[in-house]
Structures are given as C-alpha cells and as structure tokens.
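The values are calculated or read from the model by the stated rules, or taken from the named source; none is laboratory data. The structure displayed is predicted, hence computed values, not measured ones. FYI the Cβ positions are ideal-geometry reconstructions off the backbone, even for glycines, and counts take in every protein chain you see.
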Amino acid sequence: MTRRPVRGYIFVETLVAMGILSVSMLFIQEAIRQAILTRGQAQDYTTARFLIERVIANRMIAFEQPEGESSGVFPAPFERFSYQWEVRRVEIPQPPLPPDMTPDEVVFFNQAFKRYLGKVTVRIRWSRAGIPGEAVAETLLRPDMVWMPPPPEGEFL
C-alpha cells in the first residue's frame, strides 16, 4: 500500500489565514477611521479660519471702538463654533530720535507719533467627537480705530 500525497488546505492553515486577514482588516479599519477624523479636523480648522476673518473684519469696520470684549455662538450652519474677541490698547514706547533731526522734524514727529495701537484677539472654539478645538488670531489696528478717552486736564499723553 502506497501513501497518497495530501492535497488541499488543512484546518490549521485556514485558521491562521483567517486570523491574519482579520488583523489586517482591523488595521485597515483604524487607518480609515483616522483618515476620516483627520479630514474632519482639517475642515474644522479651515472653517475656524474663515470665521476668524469674519470676526476680525467686523471689528475693523467699527471706527473708534472702545476697549472691551464679547463672545457668542455663530448662527447656522456654524452653530458648533463659538467665538470670543477682545479689543485693547497696546502701548508703544517712543523710539530715540536721531541727533541730526532738525527742530521742525522733531515737532512734526512728536505731533504725528501715536503712543498706542489697537490689538484685536479672536478665539474660535468648537468640539468634534468630544475633542475640543481652538484657533486664535491677533491683528493690530491703527490708533484711530480704537477709542481712547480724553486725558484728564493737565495730563499729556
């Protein structure tokens, strides 16, 4: 009696192949989940940047606005996003004047020099899948865009 050669897969080989296939499917599923999450986060940051520009533009069109802050939530379709803005004055030290300036140039410089600028800070916050996100932007405003109360009598700026 001669032995016949064994053909086909045996049960153990099939089980190992199914295990490898299952593990590889889990890795593929996790990679797809991460790709979807990353795409969503990128979309949120792009939307937040757009909303930051909108808030800054609204602050920049207000002439002589007082220092202060405010916050709120955007209307649909951006209701997941909230904002907070702040306008404040930033003091600027007067630079040393060159010694070769004429008296007329010194007078002109002192009249034209503003000792402050306005600073707008905008924060946009949101949440996606329980993960909070935040984007912050700052910009400077011309001095005439920020209202400054008049100095008390006898005090010079």
Review point. Going by the conditions given, is THR2 of a type in the set (Ser, Thr, Tyr) and either closer than 25 Å to TYR116 by Cα or loosely packed, with under 10 Cβ neighbours inside 10 Å (or both)?
Key: yes
Exercise for review: Could you tell me which numbered condition MET18 fails, if it satisfies all but one of (1) touching a residue at least 60 places away in the same chain (Cβ under 8 Å); (2) over 17 Å from the mean Cα position of the chain (by Cα)?
Suggested key: (1)
Review point. Consider THR2 against the criteria (1) of a type in the set (S, T, N, Q); (2) modelled with pLDDT under 90; (3) part of a helix (DSSP H, G or I): it satisfies all of them except one. Which criterion is unmet?
Key: (3)
Practice item. Out of the residues in the stretch 99-126 that are modelled with pLDDT of 90 or more and touching a helix residue (DSSP H, G or I) at 6+ places or on another chain (Cβ under 9 Å), state the one that is nearest to VAL87 (Cα to Cα). Key: VAL120
Study note, to complete from the structure: Considering residues that are under 20 Å from PRO132 (Cα atoms), surrounded by 12 or more Cβ atoms within 10 Å (Cβ to Cβ), out of contact with any Phe, Trp or Tyr (no Cβ under 9 Å at 6 or more places or on another chain) and among the aliphatic types (A, V, I, L, M), the number found within the stretch 29-73 is 1
Revision key, fill the gap. When THR38 is run through (1) farther than 19 Å from VAL146 by Cα; (2) without any contact (Cβ under 8 Å) to a residue 40 or more places away in the chain; (3) outside any helix (DSSP H, G or I), the failure sits at (3)
Point to revise | Qualifying position, being in contact (Cβ under 8 Å) with a residue 24 or more places away in the chain, more than 21 Å from the chain's Cα centre (by Cα), on the phi < 0 side of the Ramachandran plot and outside any loop (DSSP other than H, G, I, E, B), among ARG89, ARG49, ARG59 | key: ARG89
Review point. Does at least one position in the stretch 124-139 carry a residue that is surrounded by 10 or more Cβ atoms within 10 Å (Cβ to Cβ), assigned to a loop (DSSP other than H, G, I, E, B) and in contact (Cβ under 8 Å) with a residue 12 or more places away in the chain?
Key: no
Practice item. Test ALA76 against the stated conditions and say whether it is more than 30 Å from TYR116 (Cβ to Cβ), of a type in the set (A, V, I, L, M), exposed (fewer than 10 other Cβ atoms within 10 Å of the Cβ) and within 22 Å of the chain's Cα centre (by Cα). Key: yes
Point to revise | Failed condition for ASP144, given (1) within 14 Å of PRO66 (Cα to Cα); (2) out of contact with any Asp or Glu (no Cβ under 6 Å at 6 or more places or on another chain); (3) surrounded by 13 or more Cβ atoms within 10 Å (Cβ to Cβ); (4) not hydrophobic (A, V, I, L, M, F, W, C) | key: (3)
